[in-house]
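Here's the structure we're looking at; comments come further down.
The values are calculated or read from the model by the stated rules, or taken from the named source; none is laboratory data. Being a predicted model, the structure only gives us computed values, none of them experimental. Glycine also receives a Cβ, built like all others from the backbone with ideal geometry; neighbour counts cover every protein chain displayed. When the accessible area is computed, the model is the full protein with side chains, heavy atoms only, and any ligands, DNA or RNA have been set aside. Shrake-Rupley method; radii C 1.70, N 1.55, O 1.52, S 1.80 Å.
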Amino acid sequence: MDTAQATNNLYRVRVWDLPTRVFHWALVLCIVGLIITGNVGGNAMVWHFRIGLTVLALLLFRLVWGLVGGRLSRFTAFIYSPGSIINYLKGNGKPEHSVGHTPTGAGSVFALLAILLAQVGSGLISDDEIANAGPLTRFVSTATVNLATNYHKNIGTLIIFALVALHIAVIVFYAWRKQNLIKPMLQGDKHLVVAASASRDDAASRMGALVIFGICAVFVIWISGLAA
């Protein structure tokens, strides 16, 4: 859907394109899988590494898609000025802030992407000194490996838990205010009080997203093959 449709004084707008939605829910499943396998340990660590590499491919895809994806999936669509953020927090937000990511939601997205990249990156050069080591550990010093391992197992994990808890709390808060944040991320559309340009979400853009992800996946497979 490339245009907004007015329905019962509301505008139905394709906000989240299919690639963005698939990325979101795939990332959710992967994070759950990483938490489970990381806590189980042992043989489950094989899957922990596999899922971690999948997350890396997803994150690389999202970085590229943030530049060329659907209008509201692009980073330029939710980079807000400090003044806009302050006004939003004061309750003086503009109607267009509710179209895609709100100023606070945008901050959460950028923070989560950055922390997940740091977590996956540290995992690539981590070593538990038992049976599991990241594929890039041989390219860095022992001191760097130790620092990365400590961050990955302790600091990064706690930060991710905190961000995930905050994300869930925000969803619950908006649900309490009768705003469903999950439905649009499942269906792609929002019903808005203001007209807005829809995100492109057609067969060509979806195929382009698949190609981009394929390239990212091949790159990650190459990285995994660098293990000693």
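Out of all the residues in region 122-175, which are part of a loop (DSSP other than H, G, I, E, B), modelled with pLDDT under 90 and farther than 16 Å from GLY52 by Cβ?
Of everything in region 122-175, those that are part of a loop (DSSP other than H, G, I, E, B), modelled with pLDDT under 90 and farther than 16 Å from GLY52 by Cβ turn out to be GLU129, ILE130.
Please go through (1) assigned to a loop (DSSP other than H, G, I, E, B); (2) in contact (Cβ under 8 Å) with a residue 60 or more places away in the chain; (3) open to solvent by less than 40 Å² (accessible area, probe 1.4 Å) for GLY93 and return the number of the only condition it doesn't satisfy.
In the conditions (1) assigned to a loop (DSSP other than H, G, I, E, B); (2) in contact (Cβ under 8 Å) with a residue 60 or more places away in the chain; (3) open to solvent by less than 40 Å² (accessible area, probe 1.4 Å), GLY93 misses (2) alone.
In this structure, does MET1 turn out to be more than 22 Å from LEU163 (Cα to Cα) and either modelled with pLDDT under 85 or open to solvent by 50 Å² or more (accessible area, probe 1.4 Å) (or both)?
Here the answer is yes, as MET1 does meet what is asked.
Rundown of residues vs (1) over 12 Å from the mean Cα position of the chain (by Cα); (2) open to solvent by 60 Å² or more (accessible area, probe 1.4 Å); (3) touching a residue at least 60 places away in the same chain (Cβ under 8 Å), yes/no style:
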| site | (1), (2), (3) |
| --- | --- |
| LEU60 | no, no, yes |
| TRP65 | no, no, yes |
| LEU72 | yes, no, yes |
| THR76 | yes, yes, no |
| GLY83 | yes, no, no |
| ASN87 | yes, yes, no |
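Can we say LEU166 is open to solvent by 80 Å² or more (accessible area, probe 1.4 Å) and closer than 30 Å to MET45 by Cβ?
Yes.
Looking at ALA131 and the list (1) surrounded by 15 or more Cβ atoms within 10 Å (Cβ to Cβ); (2) over 20 Å from ARG62 (Cβ atoms); (3) hydrophobic (A, V, I, L, M, F, W, C), which single condition is not satisfied?
Condition (1) is where ALA131 drops out.
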